Amino acid sequence: MMNGKICQVLALLGHGKGGYSYLVTLEGRKYVLKQIHHEPCDYYQFGDKLQSELRDYETLRALGLPLPELYEVDHAGERLLKEYIQGPTIADLVEQGELEPSYFGQIEEMCRLVYSAGLNIDYYPTNFVVQDGKLYYIDYECNPYADQWNFENWGAQYWHPEAWQKK
């Protein structure tokens, strides 16, 4: 349900520290519906999760980061209706040994944008989808920059094929 409209759930796409993302159809179109959850997370402190998502979306959009468009917000149900970016995640491509060098150039550009604003994003490879050769950051999370959480010191280990195979 999204603001009183019935969505048909096609699949669970993922579950993160902030919510569950589902592939849904609504009025004949595919979307991602993110349902905010309030499950405890030992390593991350949240305030108002929905407001954080909305604030982070606006921040990253203003920087020009390739993101799925936010179409609708259900404040009462704590749901977001987002553009569905169809394609494999970086995690899928690493696992299949199909990580293209151009994706590293694209993540470096994303890093340039967020670092210049004093931010990090969540570089875990399930948060990135490739559609028609273009890399999208499909999460809206961003945090104040810290060296230990930048791409080079944290995220890259998960994008490197040998590191992924050890998981």
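Among the conditions (1) modelled with pLDDT under 95; (2) among the charged types (D, E, K, R); (3) in contact with a Gly (Cβ under 9 Å, 6 or more places away or on another chain), Glu98 misses just one, which is (3). Looking only at residues of the range 46-85 that are under 13 Å from the mean Cα position of the chain (by Cα) and either at pLDDT below 95 or in a loop (DSSP other than H, G, I, E, B) (or both), we find that the one that is nearest to Ser21 (Cα to Cα) is Tyr84.
Please pick out the residue among Val130, Val94 that is touching a Pro at 6+ places or on another chain (Cβ under 7 Å), more than 22 Å from Lys49 (Cβ to Cβ) and in a strand (DSSP E or B).
Val130
For the range 27-45, the count of residues that are surrounded by 13 or more Cβ atoms within 10 Å (Cβ to Cβ), out of contact with any Ser or Thr (no Cβ under 9 Å at 6 or more places or on another chain), at pLDDT 90 or above and hydrophobic (A, V, I, L, M, F, W, C) is nonzero. Scanning the range 81-103 for residues that are in contact with a strand residue (DSSP E or B) (Cβ under 7 Å, 6 or more places away or on another chain), hydrophobic (A, V, I, L, M, F, W, C) and touching a residue at least 60 places away in the same chain (Cβ under 8 Å) yields Leu81, Ile90.
Just give me the residues in the range 80-101 being surrounded by 12 or more Cβ atoms within 10 Å (Cβ to Cβ) and of a type in the set (S, T, N, Q), in sequence order. Result: Thr89, single match.
Taking the range 102-143 on its own, how many of its residues are of a type in the set (S, T, N, Q) and farther than 19 Å from Leu23 by Cβ? Full working, then the answer.
Of the range 102-143, the ones of a type in the set (S, T, N, Q) are 102, 106, 116, 120, 126-127, 131, 143.
Okay, now just the ones that are also farther than 19 Å from Leu23 by Cβ, so 102, 106, 116, 120, 143.
Counting residues in the range 102-143 that are of a type in the set (S, T, N, Q) and farther than 19 Å from Leu23 by Cβ gives 5.
Of the listed requirements (1) more than 25 Å from Arg55 (Cα to Cα); (2) in contact with a Lys or Arg (Cβ under 8 Å, 6 or more places away or on another chain), Gln106 misses just one: (1).
The values are calculated or read from the model by the stated rules, or taken from the named source; none is laboratory data. None of the values given here were measured: they were computed from a predicted structure. Cβ sites come from the backbone with ideal geometry, for glycine too, and all protein chains shown count toward neighbours.
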